[in-house]
Amino acid sequence: MVGGHVRVESSLLRAVAKANCTLVALPKSSASELDPDQLSTEMNRPGAICDLTRVLEASNVEKAGLFYTTIGRGTFDT
């Protein structure tokens with residue numbers, strides 16, 4: 001635990017355990033390690049994935065029951 005709010009883990013699933021939001025910033029070569037269904041199982045609900053490097057398929061994350069966002073995706077309310 002770093003500063004009470006940030007946790008550093010060596011295991012991906014331990015890192016997302018009980019998280020409400022997971023920030024993803026990985027190279028494409030690491031995308032195979034990320035399984036939206038496993039992430040969904042470990043995370044609290046409602047859970048959200050913020051995929052900064054767009055390594056995940058949005059529809060797969062949403063099918064797993066998580067919210068998906070990335071830079072430049074979403075709606076703009078005026």
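The values are calculated or read from the model by the stated rules, or taken from the named source; none is laboratory data. The model shown is predicted, which means the values in this text are computed figures rather than measured ones. Reconstructed Cβ throughout: ideal geometry from the backbone, glycine too, with neighbour counts over all protein chains shown.
If only residues of the stretch 31-78 that are surrounded by 15 or more Cβ atoms within 10 Å (Cβ to Cβ) and polar (S, T, N, Q) are counted, the one that is modelled with the lowest pLDDT is T70. For T70, are the conditions met, namely being without any contact (Cβ under 8 Å) to a residue 60 or more places away in the chain, among the polar types (S, T, N, Q) and over 19 Å from E9 (Cβ atoms)? When the stated conditions are applied, T70 passes them.
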